[in-house]
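The values are calculated or read from the model by the stated rules, or taken from the named source; none is laboratory data. The shown structure was predicted, so the numbers you read here are calculated from the model rather than taken from an experiment. All Cβ positions, glycine included, derive from the backbone under ideal geometry; neighbour counts span all protein chains shown. To get the accessible areas, we keep the full protein, side chains included, count just its heavy atoms, and leave off ligands, DNA and RNA. Shrake-Rupley method; radii C 1.70, N 1.55, O 1.52, S 1.80 Å.
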Protein chains: 2
Amino acid sequence: MRFGHCYISRVNQKISEAKMKRALGQLKRKLPGRVLTDLGAREQASVDNLRISFVPDAVIQVQKGAEVGVVLKLANEYGIPVTARGAGSSATGSAVPVCQGWVLDLSLLKSIKLNPFSKIVTVEPGVLTEALQTKMARYGLFYPPDPSSKKYSTIGGNIACNAGGMHCVKYGVTRDYVLGLEGYLANGAFVEWGLPLKKFVSGLNLRDLWIGSEGTLGIVTKAHLKLIPLPEKRWMGMFAFKSEQSALACVTRLLKSGLLPSMCEFLDRQSVDCAEQLTGRPIFKGASSVSILIIELDGSSDQLRQQKKSLLEITKKTALDCVEAKTEKASEAILKVRRLCSQAMYSIADTKLNEDVVVPIERQYELIRYTLQLKKEIGLATPTFGHAGDGNLHVHIMYNRSSASERKRAEKGILKLMKFVVSLGGSITGEHGIGLAKVPFMKLQHSKEAIKAMQAVKQALDPKGILNPGKIFHPFEVWKHPTVDKKMPWDH
Amino acid sequence: MRFGHCYISRVNQKISEAKMKRALGQLKRKLPGRVLTDLGAREQASVDNLRISFVPDAVIQVQKGAEVGVVLKLANEYGIPVTARGAGSSATGSAVPVCQGWVLDLSLLKSIKLNPFSKIVTVEPGVLTEALQTKMARYGLFYPPDPSSKKYSTIGGNIACNAGGMHCVKYGVTRDYVLGLEGYLANGAFVEWGLPLKKFVSGLNLRDLWIGSEGTLGIVTKAHLKLIPLPEKRWMGMFAFKSEQSALACVTRLLKSGLLPSMCEFLDRQSVDCAEQLTGRPIFKGASSVSILIIELDGSSDQLRQQKKSLLEITKKTALDCVEAKTEKASEAILKVRRLCSQAMYSIADTKLNEDVVVPIERQYELIRYTLQLKKEIGLATPTFGHAGDGNLHVHIMYNRSSASERKRAEKGILKLMKFVVSLGGSITGEHGIGLAKVPFMKLQHSKEAIKAMQAVKQALDPKGILNPGKIFHPFEVWKHPTVDKKMPWDH
C-alpha cells in the first residue's frame, strides 16, 4: 500500500500497488512509448521551483493533445492522481505531485499557429513564453505577459497560474490574452471554452475558471491567444531615490498624472544594498544605498517624446539621479541590475522566500514600512522589489535552511506579512497562485463560504479529485518538508 | 397550486400559494417597505426587451446590498425562484421571471466611489452605464464598455451578460474591466471574488464565472471596475462602399495594417436601404444604396493625424465617399445614421430579431453572403450591421408578428443562421448572452460534455436552483409565447 489519492475528504485513500500496475499496463498499451517509469524521469518530475519533492509513479510525455484524454479517462477510472507539468517553474509547488500518481508532461506539445488577420495565435501548452514572444515579434505582434521565468516557463503553466510580469501595468495579465481554451475534463471528455474569436458570451464561462486553477479543474491542450501590435519604440530610465517613500511617492504622482508606463519596477534599499555589497560598487555613481525605479515607456517616437517629457517633469523634483537607455542593449543592462539584486540576495542567506503580494497602489509605502519592522522583529532580511505600477511587490524573506531558528522566524514572518497585506485590503498572491506554499493563507484571504463555493466547483468538475490533488485547499505543511538541492534551468 | 420553481430536473415543481404567502410575510417583516405585490409593479418587472411576460409573485426593491442576502436566504429556504433585474434591457429574456417567484430589483443600488490613485471605481449594480461614463469623464477617466442600451442599462446587467458595444474593438468587453465583485451566493452567503486590485490570483476564479452568468450563479452587489485614461481626442469618419464585400475587405486591410481604430462599425446595404427609403433621401449625396463603414480613431493630436493618414491611405482605393466628423456633435450625427438604420427596419415589418453572432474576422463576408441567401430562402429581410472590427455582426430578421407564415419562416431562418455561424467557427452570441431566446442553439455551440460541466457548476453553486431558473440550459420555446406590446424606455 502506498500514499495516494488525497483530495480533501479523501485524503490518504490508498491505491494498491497491484491496481497501479494494472492501470500503468493499460496505459502503456494505449499510449506506447509515452509512459516513463524509470527513477530518473520520475525524480525529474517530482519537484518544481518550490524544491519539495514527491516522486510520482510514472511520467507520461504526451505527443498529441488527444492523448491527454486517454490518460485522464484511465486515471479517472482508477482514481489515480494526475499532476500536469510544463517547465516546473512554479514558485508555489503547484507542479509537485504530492499525492504521487501520474505526472502529465505537456512540454512536448509545442505547435504555434498564427492567424494574421485576426491577430489570434493558437498554441499548445508546451510552447515557451519567450519563444512565442520572439516569434510573434517577427510579425510585428506582441504577446505581453512576461513572468520573470519566461525564458523557461510554458504557456500552459502561465495559464495555470494566470502569470503576470513586468508589462502588466500597461498590458494586463495572462487572462487578458486568452480568448479560448481547448482541453480535457477530469473524466477525459474533450471540451472547448471559447473559440479564436474576439467576443464570445455563450453559456457559463469555464474558460476563466480554468485559468489560474493550477491544473485542478481540467487540462489545457490548446489556447487561442489575442495579440496586439508590437509597440514601435521603447525607452527605459532607471531613477535613484533617497528612500522608498520618495520612490513610491513618485509612482503615485506618475500614475495620477495619467501617464501609463509599460513598466514601473521598484527596488527597495535592502535589495540594492545586496547587489552593491556583492559587487563592491554602487549602482549609481556617487549615490549608494538608494531605492530605485525602472520605468519603461513605449509607443511611436512622438508618443515617447511626449511621455518622456512628462515623466522627467515628475521625477526631476525627487530623483537623485537617472540612467537612460536608448537602445535595447542599454535597456537590457538596466534590467540586469534588477536581476543582480535578486541574485545578490543569496549572499545574505541560502534560502529565499518570494511572496508576490498585492496591496492598493497608494498603500505600497505602508507595506515597505512593515517589511522594515518585520526585519527587526524576526531578525531576517526582507528585501523587496516588484511591479509598483500594479501594487504587486515581491517581498523576500532570506534565511538559512540549516538554522532551525531562522526557519522558524521565516515561517512566522510570512504569516505576519500575509496578515498585514490582507489588513491593507491586499492579496496574498498576485501572480504565483496558491499551490502548496500559500494554502495556509487561503483563510486569511477568503471567507469560509467563499472557499466552500470554490470547493463545490472543484467537486463538480472533478468528482473523484484526480486533478492535481492536494493543491489550493488541502492543508500542507510546507515547512515540515525538506527541500531538495536541485539545479534548475533558471538557477544562476 | 401554481407554476413555480423550474430548474432542469425540477421543472414544474409547484410552490403552494400558502407557502409563498408565508415566505412573503416573513420577507415583509424582515425588509419592511421593500416588497411590492401590487399588479402594476409585478407586471412592470414581468418583461424585458424580449417582450415575453411572466408575472412574478413579488418585486423586491432592495435599498442596501446586504438586503440581497436576506432575500436569498429566505428564497433558498423556501425554494422560491429569484430573478435579478436592472433596467430590463436584456435582448434575450434573461431578466424575465419565467418561473415567477420573486424579482430582485437592484436598480436603487446606485453608489459610485472612485479611487483616483488606482483608477478603480467601486459601483453598485444599479448604476447606469452611461451615467458612470459621464461621471468618470469628468476625472479624465474612461470606462469603455458601451452597449447600445447604455443610456438605460445598468452595470449589474452589463456584468450579467458581459456586455460589449462599439468600442470593444480597441478596448475590450465588460469582463476586461471587472477587477472584483462582491455579492451573495444562492444560499444568501456574502462572498467576494477579487478585490479593488490590479492583480489577484488567489483561489479559484469565481469572479469571471459570475460575469456573463445572467444571474444564475450569484447576485452582484458591488463591482470594482478598472478605468483607463480618457483618450485626448477623437475623430470619426463615415465611408461609403459600393458593396459589403468592398467594405469588409477594407476592414481586413485596415486591421492587417496594424491600425487599431476605437470603433469599426459596418452597415450592409439592406440596413442603409431601410433608412434611405424611410427618409426618402440618400445618406451619401449621389450614392444611394451603399454599404457603410463608420471608423473612429482616438488618441493625441499627433496620433490622430498619423492614424488618419494611414486610414485614408487604405480607404481611398475603394471608398466611394467619406463624411468626416471633427467635433463631438458631428460624430453624434454620424452615429445617428446607424441608429436611424436600426429604427428604419421597422418600416419593413413590425418585429425584429437581433442576433449578435460572431464569426472570424476574415469570414464576415461569407456571413453577409449567407444573409442574402437566407433572405431569398425565407422571404424576409435580413439587414445586418455591427462591430466589424470584432467579427460581431447583428443579423436582423424582420417579420410581422401577426403572420403565422412569417413567424415560422423567421424561426426557421434563425436556426439556419446559427448553424451557418457555428460552421464558420463562430459564436451564437457575442454580447447578448443566452437567456431564453438562444437556449435552442446551445447544443450547436457546445458539446454535450461541455454543457454537462456547466450544469454541474450551476448545480454546485445553486443546488436548489433558485437563481434565475429556466435560463441558459432549460428548453424554452420562445416562439410559442406571445410577445407583449409594451413601451420600453429605449423604444423610439
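The table for this structure:
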item	result
Restraint check, A:K375/A:K416; A:K376/A:K408; A:K438/A:K471; A:K151/A:K198; A:K233/A:K308, Cα-Cα greater than 19 Å	A:K151/A:K198
Cα gyration tensor of segment B:94-240 - equivalent ellipsoid semi-axes, whole Å, descending	26, 19, 14
P(r) weight above 15 Å for segment B:213-267, C-alpha pairs, percent	68
Dipole in debye (nearest 20) - segment B:233-347, about Cα centre, beta carbon charges: Lys, Arg +1; Asp, Glu -1	280
5 Å binning of all Cα-Cα separations within segment B:169-241, expressed as whole percents from 0 upward	3, 13, 22, 19, 13, 8, 7, 6, 5, 2, 1, 0
For segment A:382-492, diffusion coefficient by Stokes-Einstein and Kirkwood Rh (Cα), 37 °C, 0.692 mPa s, µm²/s	203
Normalised contact order of segment A:138-264, rounded percent, pairs of Cα under 8 Å and 6 or more residues apart	30
Enclosed volume per residue, in Å³, of the convex hull spanned by Cα atoms of segment A:269-319	95
Square roots of 5 times each gyration tensor eigenvalue, C-alpha, segment A:308-415, largest first, Å	30, 18, 11
Solvent-accessible area per residue for chain A (1.4 angstrom probe, square angstrom)	37
Segment A:366-442 - Debye-derived log10 I(q)/I(0), Cα point model, q = 0.19, 0.23 Å⁻¹	-0.83, -1.19
Hull-based mean projected area of the protein assembly as shown, where the convex hull spans the alpha carbons, in square nanometres	39.4
Charge dipole (debye, nearest 20) of segment A:132-213; +1 at Cβ of Lys and Arg, -1 at Cβ of Asp and Glu	320
Charge dipole of the protein assembly as shown about the Cα centre (unit charges at C-beta), most positive-ward option of A:A388, A:P116, B:I112	B:I112
Where A meets B: accessible area buried, both sides, 1.4 Å probe, Å²	5800
Kirkwood hydrodynamic radius of segment B:1-156, Cα pairs, Å	16.7
Carbon + sulfur, % of accessible area of segment A:164-207 - ligands and nucleic acids excluded, 1.4 Å	50
Stokes-Einstein diffusion coefficient of chain B, Kirkwood radius over Cα pairs, 25 °C, 0.890 mPa s, in µm²/s	105
Which listed pairs, of A:K170/A:K242; B:K419/B:K487; B:K352/B:K487; B:K336/B:K480, have C-alpha distances above 24 Å, in listed order	A:K170/A:K242; B:K419/B:K487; B:K336/B:K480
Complex-versus-alone comparison for segment A:179-218, residues with a loss of 50 Å² or more in accessible area, probe 1.4 Å	A:L197, A:K198, A:K199, A:V201, A:S202, A:G203, A:L204, A:N205, A:L209
12 Å beta-carbon shell around B:D491, net charge (K/R +1, D/E -1)	+3
For segment B:233-347, alpha-carbon Rg over 2.2 N^0.38 Å	1.03
Cα-centred dipole magnitude for the protein assembly as shown, charges only on beta-carbon of K, R (+1) and D, E (-1), debye, nearest 20	840
Relative pair counts by distance (%), Cα atoms of segment A:297-366, 10 Å bins	14, 28, 40, 16, 2
Portion, in percent, of the accessible area of segment B:233-347 that falls on carbon or sulfur, probe 1.4 Å	51
